[in-house]
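Every number here is computed from the coordinates shown, using simple stated rules; none is lab data. Owing to the predicted nature of the structure, the values given are computational and were not obtained by experimental measurement. Glycine gets a Cβ as well: all are built from the backbone with ideal geometry, and neighbour counts include every protein chain shown.
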Amino acid sequence: MSHAAEISQSPNAGVGRYDWERQTTQRTGAGAVDDPYPVIDAARAEGGVLETSLFGLFNLPDPMAEQWPGARRFTAISYAAAEAVLRDNTTFTNAGIRRMTEHVFGPYSLMGSDDPEHRQFRLLVQPAFGKKAMGLWQHWVKPRLDELIDGFVADGKAELYFDYCAKFPVFVIAMTLGVAREDLDKFHEWAAMLQIGAAPPDEARKARHQVEDYMRKVIADRRANPQDDLISLLIGSEIDEGDAGKRRITEEQILGLICNLLPAGAGTTYRSLGIILVTLLERPELLARVYKERDLIPAIIEEALRWNGPVLSAPFRYVTADVEIEGVKIPKGALIEPAIGAANREPERFEHAGEFDPFRAPKPTLSFSFGAHFCVGGQVARMELRAALNALLDRLPNLRFDPDMPKPQLTGLLYRMPTGVPVVWG
Amino acid sequence: MSERRITVTAGLTVAIDRGRCVCSEFCARIAPRTFETDENGLVAFLQGPFDDEAALREAAASCPSSAISIIQA
């Protein structure tokens, strides 16, 4: 059963099945910019650091302007400049993100804090995303993928973006956190509202309070009845501070982590999977080959994240001291956006950078950011993407675009996504 | 102590600072005979034989959080 016909593809309408989803994607540029790369490539002639906000480069109203009146704005588009900004978290701090989001995310935010405080927090949560915990995530992955495919396999066609991609990573996060299945839709909406820039502050704050109230009950339950799940692991997380003894994670830190984790995992993995599917469906010969050579999947994922990742810019950094990058003087008090998507397309670092080429020699990218705030969930995201692609290829032979539906396209500025993934098979 | 060291050859020592590691796993891909991530999601050394010096230097340069350093005697 396909709902694709209800999904608006008119200009500036955003992408989504629900009103809240169309609104959140519209605010981050869906519909206003489909392919940002020609504009970015043309701007490279001016240098690696541009004096403009990312939205300003596209002559769009800058969503942050109201909260930062008078701040000078820069965007790093070269690989070296974006990497330099992300590497030096003292000159380019996340304190500005805290100022903007503290009333929404509360005092404990991985994304809104700087080292050494950030590092202490990160060491407490990093084990939840490492090898030891991978099984706790994997436990929910394959059954969910098969359940979703069961829902449409008899139809011969499906809207994979909304009925597969959208319903998978947020489910996995919710289940690992101990959310009840009947509350899943609510959680998905809260997760979308918590994406930076995707909802007005009072709506984001309301979503945060709803998540907190819900999760406090789950945490209380797990303290009384620990289970073999991620939320129980987080509750027990501690760091050894040598002579000072061990320090246990606090409930407020757990809630802060969850409010960062929900939008990050639910939004980026969802959109990445949709982008990868559209990319493969546009290349039928490659897709036919992947059916038989599944070991190509990891390289396809890495290359898709480089070529058209789900996030064009890492969260902005606040400049704490006068500094110069690639000849551009950046004053204290300015804001700079590290445009990781632009960096990943830099011709000097990547040959034929504008082409999707999964056979290129592997090279580190900025897809999961860089520096102290490198994406903590990268390994979980890769595992989920591999599993989601394999499950489709296992059960739906000869996947191709639905000829009766408009061809989807990639769209969005800050957040990138496909307008849909309508397919038929067999 | 969050720092660990191995001597690869006479005069070439590699140090990892687990207190800085962000688990990008770039090092384990660039120099897969030298680095791995352990069950806590932090960089650790393998037993060797280790990767060549060029790979070790590239792994150090690629680390997002500068957690790997090459120490030449």
Rounded to the nearest 0.05, what FRET efficiency do A:A42 and A:A65 have when you use their Cβ-Cβ distance and R0 = 35 Å? 0.90
Counting only residues 5 or more places away or on other chains, whose amide H sits under 5 Å from the amide H of A:I325 once H atoms are built in the peptide plane? A:I330
Output ³J(HN,Hα) for the range A:272-281: one whole-Hz value per residue in order, computed from phi by the Karplus curve 6.51 cos²θ - 1.76 cosθ + 1.60 with θ = phi - 60°, and x for Gly and Pro. 4, 4, x, 4, 5, 5, 4, 4, 6, 5
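Looking at the range B:3-72, what % of the alpha carbon pairs are farther apart than 19 Å? Write out the running numbers ahead of the final one.
Numbers: 422 of 2415 pairs.
Beyond 19 Å sits 17 percent of the P(r) for the range B:3-72.
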Non-local residues with an amide H under 5 Å from the amide H of A:T411, with H modelled 1.01 Å from N and Pro and chain starts lacking one, are A:M417, A:T419
³J(HN,Hα), Karplus 6.51/-1.76/1.60, whole Hz, each residue of the range A:138-152, x for Gly, Pro: 4, 3, 9, 6, 4, x, 5, 4, 5, 4, 5, 5, 3, x, 10
Determine by what factor the alpha-carbon radius of gyration of the protein assembly as shown differs from 2.2 N^0.38 Å, reporting the quotient. 0.95
Along the Cα→Cβ direction, 7 angstrom out, place labels at B:Q72 and A:D394. What is the inter-label distance in nm? 5.0
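Compute the FRET efficiency between A:K186 and A:F58 as 1/(1 + (r/R0)^6), taking r as their Cβ-Cβ distance and R0 = 41 Å, and round to the nearest 0.05.
Details: r = 34 Å, r/R0 = 0.82.
Efficiency, rounded to the nearest 0.05: 0.75.
Just tell me how shielded A:119-126 is by partners: mean number of partner chain Cβ atoms within 10 Å of each residue's Cβ, no decimals. Mind showing how you got there, number by number?
Numbers: counts 4, 1, 0, 5, 7, 0, 1, 7.
Rounded to a whole number, the mean comes out at 3.
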Can you list the HN-Hα couplings for the range B:35-42, worked out from phi with the Karplus curve (6.51, -1.76, 1.60; θ = phi - 60°), rounded to whole Hz and with x for Gly and Pro? 10, 9, 9, 8, 5, 8, x, 10
Scan around A:V311 for amide H atoms under 5 Å from its own, H built in the peptide plane at 1.01 Å from N, and keep only partners 5 or more places away or cross-chain. A:R416
Helix B:53-62 axis, angle to chain B major axis (alpha carbon atoms, nearest 10°): 30
Listed by chain and number, the aspartates and glutamates with an alpha carbon less than 15 angstrom from that of A:K142, same-chain partners under 8 positions apart left out, are A:D150, A:E384, A:D394
Between B:S2 and A:D228, the FRET efficiency computed from the C-beta separation at R0 = 22 Å comes out, to the nearest 0.05, as 0.15
